Structure formats: structure tokens, C-alpha cells
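In what follows, a structure is listed as C-alpha cells, so that the remarks can point back to it.
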Amino acid sequence: MKFIKIFTLLIFSVLITACDAQRGGQDAGVMNVKLQPPSGKAIAAFAEGCFWCSEHIFEAVVGVDSAVSGYAGGHTKNPTYERVNTETTGHAETVLVYYNPKVISYEELTKVFFTSHDPTTKDRQGPDHGNSYRSILFYLTPEEKAIAEKSLAEFSKSGLYKNPIVSEIQKLDAFYRAEGYHQDFIEHNPNQSYVRGVSIPRYELFKRTYKGKLK
Ligand code: MHO
């Protein structure tokens with residue numbers, strides 16, 4: 001009898017954990033995301049330092065449906081935040097942006113990218129050091145690659161930055177959605193010290209610099 005009770009409890013807890021992971025709840029782990037946008041929509045990915053802020057920035061732009069925090073550009077499978085932080089997996093903190101291509105173009109998203117972080121600091125963004133904080137424009141098609149190159153060249157000439165832009169341009173091979181607690185981090189933790197001291201000032205600077213439409 002005792003055995004049956006324990007067994008039933010075990011089955012229940014396995015089921016509850018599985019459901020929570022499916023809902024993408026707080027405890028959902030890292031997930032390999034299919035690089036397939038819903039019909040009529042498009043996706044793009046950008047690495048530009050701490051993804052808590054990048055997610056907040058892209059989600060403020062008209063035409064962007066949502067942004068997901070995760071890891072891309074590395075060489076290991078299913079990296080965790082802890083592993084990525086060792087700076088040995090090659091992954092950079094990245095946001096996967098779901099957008100409506102009838103409202104905003106990939107080219108316009110590259111402008112969001114270049115006005116929302118400092119693309120001149122190699123393996124560094126603000127106070128954060130390491131290759132997981134490097135700057136990368138990801139592309140999915142040869143057309144997007146050409147647009148990324150053109151945009152980089154234009155921003156290099158624009159005078160917005162004194163130093164040379166060091167952003168990489170890479171094909172997006174895989175995107176791993178980060179742990180649940182990293183999603184919408186700023187909304188859930190507006191008073192956290194890093195959010196107040198680093199993320200919000202970066203977001204405010206973006207709002208003053210970016211010329212496109214914000215929600
Ligand atoms: N140095 C910050 C970075 C946060 S971010 C998600 C921290 O460790 O809180 O990389």
C-alpha cells in the first residue's frame with residue numbers, strides 16, 4: 001500500500017514538472033528553438049550584451065511581436081547560463097526576435113541593433129566582460145547577410161561611434177532559449193540592482209538615440 005502511494009506521488013510530480021516545462025514556466029530549462037517563424041511572421045537574432053536589456057529593447061519597437069532571451073553562436077549543445085558564463089562554449093547572450101515583416105524590415109532591426117549597444121567593444125558590453133557579451137548580427141539568408149554588411153558599413157561611416165565597429169556577422173545555426181527566469185527579466189525584477197544601474201540606463205539611452213518607431 002505504502003509503495004502504491006509513493007509511486008502515485010512520483011508519477012504526479014513527474015507530470016507536474018513536464019507540464020511546467022511545456023508552459024515555459026519559471027523552471028523551464030534551456031530549449032533548442034526551431035528557426036521557423038509562424039506563418040506571415042519572420043525571425044532575426046542579435047547578440048549585444050546582457051540579454052535582459054536586449055529583450056526589453058527589441059520588444060519596445062513597433063513591428064516586433066516578441067523577443068526571447070537565449071544563446072547562439074557557440075559550439076556546444078544545450079548550453080546553460082552557468083556554462084555560457086564560463087566563456088568556453090562560444091555562445092553569446094542573444095535575443096531571438098519575432099517580427100512582422102510587413103511592419104518592420106530586417107534592415108530596420110539592424111538599426112535597432114546598432115543604436116542599442118556599443119558595437120565597438122570586443123568581448124565586452126558595459127560592465128560585462130567575456131565573449132558571451134560580444135556583438136553579433138545573425139543572418140538566416142544571403143540577402144540578410146548583405147543587409148547586415150551594408151548596415152555595418154553605414155554605421156561605421158555615420159560618426160555615431162568614435163572607434164571602429166567590431167560586430168561579427170554570423171549565420172544563425174541554432175538558438176537555445178535561455179532558462180525561464182531570464183525571460184522578461186526586467187519586467188519581473190525592476191528593482192534588481194543591475195537592472196536599475198545598467199539595463200534601464202542602456203534602455204533610456206536607446207530611446208534617445210533610435211530614430212524609428214517605438215510602441
Ligand atoms: N553581470 C550581470 C549580467 C547579467 S546578464 C544576464 C550579472 O551577472 O547579473 O548577463
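All of the numbers you see were taken from the coordinates with simple rules; none came from a lab. Fair warning: this is a prediction, and the values are worked out from it, not measured in the lab. Here Cβ is always computed from backbone atoms with ideal geometry, including for glycine, and neighbour counts include all displayed protein chains.
Results, tabulated for the structure shown:
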{"item": "Charge tally in the Cβ shell below 10 Å around Gln183, where Lys, Arg are +1 and Asp, Glu are -1, Gln183 excluded", "result": "-3"}
{"item": "With Cα atoms, 0 to 90° folded angle of helix 142-158 axis to the chain main axis", "result": "50 degrees"}
{"item": "Relative contact order, percent, the chain [alpha-carbon distance under 8 Å, six or more residues apart]", "result": "29 percent"}
{"item": "Leading residue at positive end of dipole, the range 48-196 (Cβ point charges), from Val103, Pro164, Val64", "result": "Pro164"}
{"item": "Whether the range 163-215 is rounded, prolate or oblate, judged on the alpha carbon gyration tensor where a/c under 1.5 counts as rounded", "result": "oblate"}
{"item": "Mean Cβ count within 10 Å, highest first, over the residues of peptides 76-87, 122-133", "result": "122-133, 76-87"}
{"item": "Gyration tensor verdict on the range 82-122 (Cα atoms; rounded if a/c is under 1.5, prolate if a/b is larger than b/c, oblate otherwise)", "result": "oblate"}
{"item": "Euclidean distance between Cα centres, the range 31-72 to the range 84-122, Å", "result": "8 Å"}
{"item": "Ratio of the Cα radius of gyration of the chain to 2.2 N^0.38 Å, where N counts its residues", "result": "1.11"}
{"item": "Positive minus negative residues near Asn32 (Lys, Arg vs Asp, Glu; Cβ under 9 Å)", "result": "+3"}
{"item": "Helical mean residue ellipticity (222 nm; -39500 (n - 2.57) per DSSP H run of 4+; nearest 500) of the chain", "result": "-10500 deg cm²/dmol"}
{"item": "Of Lys162/Lys207; Lys77/Lys122; Lys34/Lys111; Lys34/Lys162, those spanning more than 32 Å from alpha-carbon to alpha-carbon", "result": "Lys34/Lys162"}
{"item": "Stokes-Einstein diffusion coefficient of the range 95-205, Kirkwood radius over Cα pairs, 37 °C, 0.692 mPa s, in µm²/s", "result": "211 µm²/s"}
